[in-house]
Amino acid sequence: MKAEMMREERRKGINRSRRAAAALLMLSLIAAGCGAGDEHAGHDAQVEPTAAGNAAAGGHSGHEGAEAGTENGHSGHGAGASNGEEEHAESAHGDGMGAEDVKLEWNYTPANPEPGKQTKIELFISDKSGKPIKEFEVSHEKLLHLILVSGDLSDFMHIHPEFKGNGKFEVEAAFGKSGTYKLFADFIPQGASQITAESQVKVNGAAEASNPLRKDESLTKAENGIEVSLKLSTLKAGENANLTFSFKDASTKADVTDLEPYLGAIGHVVIINEDVNRYLHVHPLEGNGTGPTAEFATIFPDAGLYKVWGQFQREGKTFIVPFTVEIE
Ligand SMILES: [Cu+2]
């Protein structure tokens with residue numbers, strides 16, 4: 001709750017401490033967002049069994065949650081290839097220590113990951129002068145949230161790299177398919193604003209046929225034995241949009257009222273646009289309990305297609321349900 005309040009303060013633009021300002025290495029993203037989840041989520045193909053009309057289901061054989069634990073404790077690969085490219089960050093707000101004060105370097109080992117094989121991902125976060133940032137604030141119980149998505153948004157992972165100290169975070173993950181992936185890291189340097197940084201990496205292999213994102217005709221899907229429906233208060237860009245998820249038992253249709261808190265909230269929602277260059281900040285609203293509904297708020301910046309992943313927990317098991325919506 002404290003983290004929520006802090007995030008809320010930031011959302012309102014209340015500034016906190018400032019550090020030396022710095023040069024920005026440019027960037028591409030918008031607002032920071034955060035979800036939380038400590039597992040390697042499955043590919044969409046498996047988590048949207050009722051997603052008729054969702055072309056993103058590409059037949060991966062994956063399994064939600066089966067690779068939980070990739071976030072911590074893996075020993076690294078021996079090979080030390082890295083592309084070492086510097087990337088850019090953008091803060092949710094232009095105040096405080098912001099993106100312009102932060103430099104990100106991403107290393108992938110191997111530099112061109114193989115699909116389905118563990119890849120070591122290292123992030124080095126420093127200030128503009130290159131000095132490692134040593135302290136980060138906890139947000140949703142984690143110091144850094146990392147989202148990995150394939151270019152067509154069909155493969156989605158939300159993991160939590162381990163902080164190694166001295167500005168360094170490390171994690172292993174297996175990219176589900178060939179082609180370009182985008183990574184979004186979401187973190188708060190001590191005393192600063194929330195920052196989202198992005199990177200991209202090319203996963204080896206012949207490019208797979210692209211699965212263009214398509215609007216879901218129905219915003220009701222079954223996942224984990226639960227029928228999940230999504231309602232949006234508006235489909236207009238630039239307006240405050242409330243997202244309401246409702247949960248029913250898939251067979252009995254009885255309301256589900258035993259959702260469990262997941263990293264300090266009723267659930268976590270990540271939203272990315274079709275062009276994979278908008279990572280939206282989504283807030284849970286007050287008053288969420290254990291179901292049968294969970295409410296969140298965001299603002300869709302532009303018209304177009306967006307994919308929305310809701311992550312929830314019940315009976316100790318986390319599940320992810322994706323929806324694709326069209327904003328006018
Ligand atoms: Cu997270």
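Of the cross-linked pairs LYS142/LYS164; LYS177/LYS248; LYS134/LYS317; LYS120/LYS142; LYS103/LYS164; LYS236/LYS307, those separated by over 22 Å at the C-alpha level are LYS177/LYS248; LYS134/LYS317.
A Förster distance of 25 Å, applied to the separation of the beta-carbon atoms of ASN166 and ASN277, puts the FRET efficiency at 0.25.
Laboratory data are not the source of any read-out in this text; all were calculated from the coordinates shown. Not measured: the values here are computed from a predicted model. Don't worry about glycine lacking a Cβ; one is built from the backbone with ideal geometry, like all the others, and counts go over all protein chains shown.
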